[in-house]
1. Determine the pairs where a residue that is without any contact (Cβ under 8 Å) to a residue 24 or more places away in the chain, located within region 113-136, has a partner that is assigned to a strand (DSSP E or B) and among the hydrophobic types (A, V, I, L, M, F, W, C) with Cβ atoms under 6 Å apart, the partner being 6 or more residues away or on another chain.
2. Answer with yes or no whether F161 is aromatic (F, W, Y), touching a residue at least 40 places away in the same chain (Cβ under 8 Å) and not in a helix (DSSP H, G or I).
3. Name, by its number, the condition in (1) assigned to a loop (DSSP other than H, G, I, E, B); (2) over 18 Å from the mean Cα position of the chain (by Cα); (3) not hydroxyl-bearing (S, T, Y) that does not hold for A128.
4. Restricting attention to region 11-24, does a residue exist that is modelled with pLDDT of 80 or more and either within 23 Å of T149 (Cα to Cα) or among the β-branched types (V, I, T) (or both)?
5. What number goes with the only condition from (1) modelled with pLDDT of 90 or more; (2) not assigned by TED's automatic domain parsing to the domain that holds L73 that Y160 does not pass?
6. Looking only at residues in region 218-241 that are modelled with pLDDT under 80 and within 16 Å of the chain's Cα centre (by Cα), which one is farthest from Y82 (Cα to Cα)?
7. Among the residues of region 52-67, is there at least one that is loosely packed, with under 15 Cβ neighbours inside 10 Å, at pLDDT 95 or above and either under 18 Å from S214 (Cβ atoms) or not hydroxyl-bearing (S, T, Y) (or both)?
8. Tell me which residues, restricted to region 181-212, are under 21 Å from the mean Cα position of the chain (by Cα), at pLDDT 80 or above and either farther than 28 Å from P107 by Cα or not in a strand (DSSP E or B) (or both).
Amino acid sequence: MIRTNKLAAIVAAAAMLGLNSAASANQPTLGGPMVHLEVGFDGSTLSVHKSSAAALVLRAYPGVQYDPPADVLNETMYNGQYGWMIMGTWTAPEGASLWIESLDATPGLNVYAARMSATPYAPIFGTADTGPAIQWNGLMAHNWYSTTTQGRYQARYRIYFGDGPGLPWTDFGAAEVRLDWTTGLPCAADFDGSGDIAVGDIFAFLEAWFAGDSRADLSGSPGNDVADIFQFLTLWFGGCA
C-alpha cells in the first residue's frame, strides 16, 4: 500500500509538470553514475586508471529531444558516464600540453565533446572526419558516445604529452585505456524488459530506485534522487518509438 501511495504521488507530480512525449530537454543525462578515467603523472611516467571495468550502457531516450548543440544525440543511444580527470596534484613538463588520442574504435561509435568544453557537443576523435587527437586542459570532461545500431562497442585511447600541434614527447611515455559499452533495451522506458510500456515498468523502476540500484540513476547525479524519477517518467510517458 505504501508503494502504491508513493507511485500515485509521483505520477500526479509528473502530470502537474506536464511531462509528455513532446517534452524538450535542455541537457542530456549521463546515463548513470560517473566512471572516472583518472590520469596521473609521477614526474616521469603518465598513467590512467578506470574506476570501473564494467561495460557502460548506451541508452535510447525515445520522445526526448535536445536543443542545439546537444541535438546531435537526438534519436540515438548514448552515454556520457566516462569522465576524464586529473588524479592527484601535478603539473605537466614545461612547454608540454596534454593530449588524448583515439587509437581505434568500433565502427558506428560517434564521439562528441563534453558539455563544459570550449566546443560542447562538437564531433571529436574521428567523428565526422575530425582528427584522432584532442588537446585536454585537465578539467573533468564527460564526452558523449553515441550510436544508432545495437551491439557492443569499444574504444582505445592514448594519453600523452605533446607540443602545440600535438606531436608526442617520447621522454615521458604514454598511457592507454580501453572503454567499453553495450547497447541497452531498444527503449529505456521498458524497464522490466517485457517488450511493452506498462505500469509494471514503473514498479520495476521504483523497486530499483528504492534499493539504490545504479540502473535507476538516470540523471547522472551522485546516487539515486528525485531527478531520476522524473527522468524515467519523461521516458515512460513518451513511450517507445
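The values are calculated or read from the model by the stated rules, or taken from the named source; none is laboratory data. Being a predicted model, the structure only gives us computed values, none of them experimental. Ideal geometry is used to build each Cβ from the backbone, glycine not excepted, and the neighbour counts take in all protein chains shown.
1. Partner pairs satisfying both residue conditions: I124/V111; I124/I134; T127/V111.
2. On the way: aromatic (F, W, Y): yes; touching a residue at least 40 places away in the same chain (Cβ under 8 Å): yes; not in a helix (DSSP H, G or I): yes.
Criteria met by F161.
3. All conditions pass for A128, except number (1).
4. Quick first cut of region 11-24, residues modelled with pLDDT of 80 or more only: none.
No, region 11-24 contains no residue that is modelled with pLDDT of 80 or more and either within 23 Å of T149 (Cα to Cα) or among the β-branched types (V, I, T) (or both).
5. The failed condition is (2).
6. Per the stated criteria, the residue is G223.
7. no
8. At the first step, the residues of region 181-212 found to be under 21 Å from the mean Cα position of the chain (by Cα) are 181-191, 205, 208-209, 212.
Remaining after also requiring at pLDDT 80 or above: 181-183, 189-191, 205, 208-209, 212.
A189, D190, F191, F205, A208, W209, G212, listed by residue number.
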